[in-house]
Structures are given as structure tokens and as C-alpha cells.
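Colleague: Before I ask anything, let me first share the structure, which is written out below as C-alpha cells.
The values are calculated or read from the model by the stated rules, or taken from the named source; none is laboratory data. What you are looking at is a predicted structure, and each value in this text was computed from that prediction instead of being measured. Neighbour counts run over all protein chains shown; Cβ positions are idealised from the backbone, glycine included. All accessible areas refer to the heavy atoms of the entire protein, side chains included, with ligands and DNA or RNA removed. Shrake-Rupley method; radii C 1.70, N 1.55, O 1.52, S 1.80 Å.
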Amino acid sequence: MGHNVRKAREQVASLLGCDPAEIIFTSCGTESDNSAIRGAIAAVPNRKKIITTRIEHPAVLTVCRDLENHGYEVIELAVDKEGQLDLNELEQKLDDDTALVTIMWANNETGVVFPIEQIAKMVTSKGIVFHTDAVQAVGKIPINLSNIPIDMLSISGHKLHAPKGVGVLYVRKGTRISPFLLGGHQEAGRRAGTENVPGIVGLGKACELANENIEEENKRLRFLRDKLENAILKNCPDCRLNGHKKNRLPNTTNISFEYIEGEAILLMLDVYGICASSGSACTSGSLEPSHVLRAMGVPFTAAHGSVRFSLSRYNTEQQVDYTIEKMPEIVNKLRKLSPFVAQ
Ligand code: PLP
């Protein structure tokens, strides 16, 4: 293994509080999720049940639904209107047939954070393998895997300012997992294929930078996010917050605007040089309302009018103030054009 890749492995491990040998570099978050799920169930072929949630990213949900066609029973846990899980329901579903529980750390559309420490303890104490898609959480909230019994965890580089096309699958020492990609001996035989060295080096550096000031950045982002959110909710009529107000990433807010399309808001924001996304960037362009908001019982029209604002270390208070100034103007303009609003 080259010096650069070794250093990056140490930088990632340091951010996660784990051993560098537990880090496997992959090509993206999707590969990490697919490898974790398929690798874990292949290691326990006699168990035929997978437990997940309704609001996972498609990189998890689509795999689970595919496995449903191949003899697996998949349980998708429901969430309440604030996007939270019922942990009693999870506990009741765990049994000797459960091969894997895969539950995301933070939701990519609403930012809602699940109590992963409690969930990991509950699942692994029953001898069941636990995977978490932490793509949205890593680098945004402090994570220390030396204290939490998570077996596998997925990361995507570009969510923490690394280049696109690199990811990580953390696999705790002793976890049984069959390799997903077969071929050469890279990554100690756990993930064949030539490594994306520039991507890996970038991811290592991004982890180091995230690690340096995660607590202060957390506070700064929470302040800016709350300022943005409170101003929009106050200044724009007929809008609502989607997600739990407290149990959330510090940088994300998801707001539904009645009577108008989220996509239309995005186009107008774009004219002012403001980037946001409708629900999730990963599903934008689709006419289906977000499966996450629908699972939370957000009415169809409000789900269609949803916008996710997410802030990063590169955003300033000036940019937040500018967005606060533009939003009522955009919403009013679009409502004037809306066939659903009496003019
Ligand atoms: N999981 C979550 C929660 C995500 O938000 C994303 C991407 O947006 C992924 C998985 C997929 O990661 P990637 O785009 O690196 O494949």
C-alpha cells in the first residue's frame, strides 16, 4: 500500500475513532451501501430477514427491495410525522432470522438524526449485524466508533468536500462480510479493483479538516441554519418545516411551500445564484414526490413544494441574509402564477 493511501486511511480512521485497518476505500456511498448489505447477508446465508426504514436513500432501499425478490423478507420501519423511528417496534422485529439491520444515521432530505448509538446497542446485543449509512452524518456531527457497537458504516467523499467518486466502508474487526467486488487483492482482499488514489488522498484531507473544528462549525452552522429557517417560516405564508426541530443535523432545513412547486423555487433561486434542492438532490428531476416526506405523512401538495437548504463550512452569514431577502419575493411571485391560489 502506498504512503498516500496509508496516510488517508489514518486520517479517515482518526475522524471516526476507529483502527485504520477497519477502513475500506470504495468508489462512492452507493458502493459502500451495496457492499455492506450484500456482503453481510452473504456471510449468514441461513438468515432471511433484513430490517431497514422507509426513509433510507435509494442506495439502501433499492438493494433491499431487490433482495425481496430473491427470498428475503424486508421490513421497512415507519417514521412519525417528524421523521422519527419507534424503537420499540424495531426491538420487536429483531429475531434469530434477522441477517442485518441497516438504518441511516442522518436523513439526506430532512437532516433528521436517528439515535444510532441506542439502535446499534439494541441490534448488536442480539448478535445481529448492524450497518448505518452515515453519508450525511460524517464530518457534520462528531462520531466516535470506539464507543458505539456499529459493525459497518458508509461514507461518501463529496458530502464532506472530498472529490466525487470516492467512498468508504468501515467494517469493524471481526465482522463477517463477503467481498462484493471480486478480483485482485486490493484493500486486503475486501474490495478488489485499482484504488482511486487522488480521490482517496482528497478524502483523507477532507476528514482531517472536518476533524479540526467540527464542534465550532457545528455551532456556527446551527446558528445560520436557524436564522435562515426562522426568517423563511416567519416571512413566507403557508409554509412548514419538515423534520424534527431538535434531532437534526446542524446544517439542514427542509421547508414545504404550499401551492407552488419546489422545482420552480429552485429555478428562481438559481437566477439569484442560490443553490438549494427540492427534497433531495439525488432524486430531483423526478416528478414523484419525495418518499421520505410521504413516509412522514406530508400531504402530496406540500411534498411537491418542498425545498432543502443545506449549509456548509463555505457559507457565510451574508449569503444567508441574501437568501432571507430573496425568498419572500420568490414565493410571492410564484404564488401569483399558481392556479391553486385565488388571485
Ligand atoms: N446515502 C445517502 C444518505 C446519500 O445522501 C447519498 C448521496 O446523496 C448516498 C447514500 C449515495 O452516495 P454516492 O452519491 O456517493 O453514491
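Colleague: Rounded to whole Hz and in sequence order, give me ³J(HN,Hα) for the range 22-39 from the Karplus expression 6.51 cos²θ - 1.76 cosθ + 1.60, θ = phi - 60°, writing x for Gly and Pro.
Modeller: Here the 3J(HN,Hα) series is 8, 9, 10, 7, 10, 8, 4, x, 4, 5, 4, 5, 4, 5, 4, 5, 5, x Hz.
Colleague: Reachable aspartates and glutamates from LYS173, Cα under 13 Å, same-chain residues fewer than 8 places away excluded?
Modeller: ASP19, GLU22, ASP151
Colleague: Hey, another quick one. More than 17 Å apart: what percent of Cα pairs in the range 105-181 qualify?
Modeller: 47 percent
Colleague: Please enumerate, by chain and number, the aspartates and glutamates with C-alpha under 13 Å from the C-alpha of LYS48, excluding those fewer than 8 residues away in the same chain.
Modeller: GLU68, GLU73, ASP95, ASP96, ASP97
Colleague: Determine the per residue accessible area of the chain with all protein chains present and a 1.4 angstrom probe, expressed in square angstrom.
Modeller: 44 Å²
Colleague: Compute the relative contact order of the chain as a whole-number percentage, counting only Cα pairs closer than 8 Å that sit 6 or more residues apart in sequence.
Modeller: 20 percent
Colleague: Quote the FRET efficiency, to the nearest 0.05, computed for ASN144 versus HIS70 with a Förster distance R0 of 45 Å and r equal to the Cβ-Cβ distance.
Modeller: 0.80
Colleague: Related question: Return the loop-located trypsin sites (Lys or Arg not before Pro) in the range 1-87 (DSSP other than H, G, I, E, B) with at most 14 other Cβ atoms within 10 Å of their own Cβ; answer none if there are none.
Modeller: Numbers: sites: ARG6, LYS7, ARG9, ARG38, ARG47, LYS48, LYS49, ARG54, ARG65, LYS81; in loops: ARG47, LYS48, ARG54, LYS81.
Answer in residue order: LYS81.
Colleague: Is it possible to state the helix-based mean residue ellipticity at 222 nm for the chain, with each DSSP H run of 4+ residues giving -39500 (n - 2.57), the sum divided by total residues, to the nearest 500 deg cm²/dmol? What is it?
Modeller: The per-residue figure over the chain is -12500 deg cm²/dmol.
Colleague: Put PHE180, PHE300, PHE114 in order of accessible area, largest first, 1.4 Å probe: what do you get?
Modeller: Result, largest first: PHE300, PHE180, PHE114.
Colleague: Output the pairs from LYS159/LYS326; LYS126/LYS245; LYS219/LYS246 with a Cα-Cα distance over 24 Å in this structure; if there are none, say none.
Modeller: With Cα atoms farther than 24 Å apart: LYS159/LYS326; LYS126/LYS245.
Colleague: Moving to a separate point now. With equal scatterers on the alpha carbons only and no solvent term, can you work out the Debye log10 of I(q)/I(0) for the range 48-103 at 0.29, 0.30 1/Å?
Modeller: Listed by q, the Debye log ratios stand at -1.23, -1.27.
Colleague: Still on this model: Rank CYS236, CYS18, CYS28 by mean-square fluctuation in a GNM of the chain with C-alpha springs under 10 angstrom and give only the top-ranked residue.
Modeller: Fluctuation is largest for CYS236.
Colleague: Can I ask one more? Once phi is turned into ³J(HN,Hα) by the Karplus curve 6.51 cos²θ - 1.76 cosθ + 1.60 with θ = phi - 60°, what whole-Hz value does each residue of the range 174-191 show in order, with x for glycine and proline?
Modeller: My calculation for the range 174-191 gives x, 6, 8, 8, 7, x, 7, 9, 9, x, x, 9, 4, 6, 6, x, 9, 7 Hz in order.
Colleague: Same structure again: So what does LEU221 come to for accessible area, using a 1.4 Å probe and Å² rounded to 10?
Modeller: Here the accessible area works out near 20 Å².
Colleague: Tally up the carbon and sulfur contribution to the accessible surface of the range 1-153 as a whole percent, 1.4 Å probe, everything protein left in place.
Modeller: With neighbouring chains kept in place, the figure for the range 1-153 is 46 percent.
Colleague: Which of the aspartates and glutamates could a cross-linker span from LYS333 if the Cα-Cα distance has to be under 17 Å and same-chain partners fewer than 8 positions apart are dropped?
Modeller: The reachable aspartates and glutamates, counting only those whose Cα sits under 17 Å from LYS333, are ASP238, GLU258, GLU261, GLU263, ASP270, GLU325.
Colleague: Ok, one more. Over all pairs of distinct alpha carbons, what does the Kirkwood formula give as the hydrodynamic radius of the range 10-75, in Å?
Modeller: Here the Kirkwood hydrodynamic radius works out to 13.3 Å.
Colleague: Rounded to the nearest 10 Å², what accessible area does GLU263 have for a 1.4 Å probe in the complete protein model?
Modeller: Around 80 Å² of this residue is reachable by solvent.
Colleague: Also, quick follow-up: Report, to one decimal in Å, the Kirkwood hydrodynamic radius for the range 198-343 based on all distinct Cα pairs.
Modeller: For the range 198-343, inverting the mean 1/r across all distinct Cα pairs yields 16.3 Å.
Colleague: Jot down the radius of gyration and Dmax of the range 38-183, Cα atoms only, both in angstrom.
Modeller: Cα only, the range 38-183: 14.6, 45 Å (Rg, Dmax).
Colleague: Averaging over all projection directions, find the projected area of the Cα convex hull of the chain and quote it in nm² with one decimal place.
Modeller: Over all viewing directions, the chain projects a mean Cα-hull area of 17.3 nm².
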